[in-house]
1. Can you tell me how many residues within the stretch 138-155 are without any contact (Cβ under 8 Å) to a residue 24 or more places away in the chain and in contact with a helix residue (DSSP H, G or I) (Cβ under 7 Å, 6 or more places away or on another chain)?
2. Would you confirm whether or not the stretch 125-137 contains a residue that is in a loop (DSSP other than H, G, I, E, B), without any contact (Cβ under 8 Å) to a residue 24 or more places away in the chain and more than 11 Å from the ligand (Cβ to nearest atom)?
3. Kindly check whether there is at least one residue in the stretch 78-98 that is away from the ligand (no atom under 16 Å from the Cβ), over 15 Å from the mean Cα position of the chain (by Cα), exposed (fewer than 14 other Cβ atoms within 10 Å of the Cβ) and part of a loop (DSSP other than H, G, I, E, B).
4. Inside the stretch 54-77, can you point out the residues that are in a loop (DSSP other than H, G, I, E, B) and either within 20 Å of residue 114 (Cα to Cα) or away from the ligand (no atom under 16 Å from the Cβ) (or both)?
5. Can you name every residue in the stretch 99-124 that is part of a loop (DSSP other than H, G, I, E, B), on the phi < 0 side of the Ramachandran plot and in contact (Cβ under 8 Å) with a residue 12 or more places away in the chain?
6. Can you give me the number of residues within the stretch 138-150 that are under 21 Å from residue 47 (Cα atoms) and either at pLDDT below 90 or away from the ligand (no atom under 13 Å from the Cβ) (or both)?
Ligand code: NI
């Protein structure tokens, strides 16, 4: 389990080599599918993007996707009527406001947000998180606004 930023940052050279290989003309999805049997290094993946609140897909398991996101400041109140949503904090701290309470999470902690439960994630400073949810889930749930991210953004 991830206990500290240092431990998380301790990426192996092998993973860096795989991730830094030229992708040629392959799309990110094609590249990831072609490398399905190779290990995935989370830190290497985080180096591939800087935008916040815009989850990037790094793997799929059956119909579920594993997504990485950098988050900072407040997101918006929203609900996913059709699915639960998993947040795993890898680096930094985040919180999730619910209508009846606020849950604060730090690196090495996770939460399952039940479907239909209104929530608003936030992070005072940039945090790195992983989301696990079915393919096709929209980050802003029932709300569409400028924070609504494109889906299936493989990196
Ligand atoms: Ni959500």
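The values are calculated or read from the model by the stated rules, or taken from the named source; none is laboratory data. Note that the structure is predicted; figures quoted are calculated from it, not measured. Reconstructed Cβ throughout: ideal geometry from the backbone, glycine too, with neighbour counts over all protein chains shown.
1. Adding up the residues that qualify gives 0.
2. We begin by selecting, within the stretch 125-137, every residue in a loop (DSSP other than H, G, I, E, B); these are 135-137.
Next cut, without any contact (Cβ under 8 Å) to a residue 24 or more places away in the chain only: 136.
Narrowing the set further to residues that are more than 11 Å from the ligand (Cβ to nearest atom) leaves 136.
Checking the stretch 125-137: at least one residue is in a loop (DSSP other than H, G, I, E, B), without any contact (Cβ under 8 Å) to a residue 24 or more places away in the chain and more than 11 Å from the ligand (Cβ to nearest atom).
3. We begin by selecting, within the stretch 78-98, every residue away from the ligand (no atom under 16 Å from the Cβ); these are 90-93.
Those left that are additionally over 15 Å from the mean Cα position of the chain (by Cα): none.
No: the stretch 78-98 contains no residue that is away from the ligand (no atom under 16 Å from the Cβ), over 15 Å from the mean Cα position of the chain (by Cα), exposed (fewer than 14 other Cβ atoms within 10 Å of the Cβ) and part of a loop (DSSP other than H, G, I, E, B).
4. Residues of the stretch 54-77 that are in a loop (DSSP other than H, G, I, E, B), as a first pass: 54-55, 62-63, 75-77.
Within the stretch 54-77, 55, 62, 63, 75, 76, 77 qualify.
5. Scanning the stretch 99-124 gives 99, 107, 109, 114, 115, 117, 118.
6. Count: 1.
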